[in-house]
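To start, the structure under review is shown below, and the notes come after it.
The values are calculated or read from the model by the stated rules, or taken from the named source; none is laboratory data. Since the model is a prediction, treat every value here as computed from it, not as a measurement. Using ideal geometry, Cβ is built from the backbone for each residue, glycine included, and neighbour counts are taken over all protein chains shown.
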Amino acid sequence: MALKCDNCGKGVQHGNYVSHAKNRTKRTFRPNLKRVTLKIDGAKKIMTLCAKCVKLLKKRAYK
């Protein structure tokens with residue numbers, strides 16, 4: 001599974017761990033991805049979405 005949201009394109013970002021002594025080491029920030037089955041135009045489609053997109057799609061579906 002690719003580490004990228006199919007809806008918004010959110011992906012892996014890189015940064016640093018910073019200790020109390022301000023020592024810096026590399027780290028990665030990974031998105032919170034979920035595999036979701038959606039019904040699009042009457043057909044089921046499996047998509048990889050971040051948690052924020054899943055929340056937005058649920059919210060819009062009930063209106």
_Index of the failed condition, residue 27 passing every other in (1) in contact with a Gly (Cβ under 8 Å, 6 or more places away or on another chain); (2) surrounded by 13 or more Cβ atoms within 10 Å (Cβ to Cβ)_ = (2)
*Can we say residue 22 is exposed (fewer than 13 other Cβ atoms within 10 Å of the Cβ), free of Cβ contacts under 8 Å to residues at least 40 places away in the same chain and at positive phi?*
yes
*Could you figure out which of (1) modelled with pLDDT of 95 or more; (2) in contact with a helix residue (DSSP H, G or I) (Cβ under 7 Å, 6 or more places away or on another chain); (3) of a type in the set (A, V, I, L, M) isn't true of residue 36?*
(1)
*Tally time: how many residues in the stretch 35-63 are free of Cβ contacts under 8 Å to residues at least 40 places away in the same chain, surrounded by 13 or more Cβ atoms within 10 Å (Cβ to Cβ) and assigned to a strand (DSSP E or B)?*
2
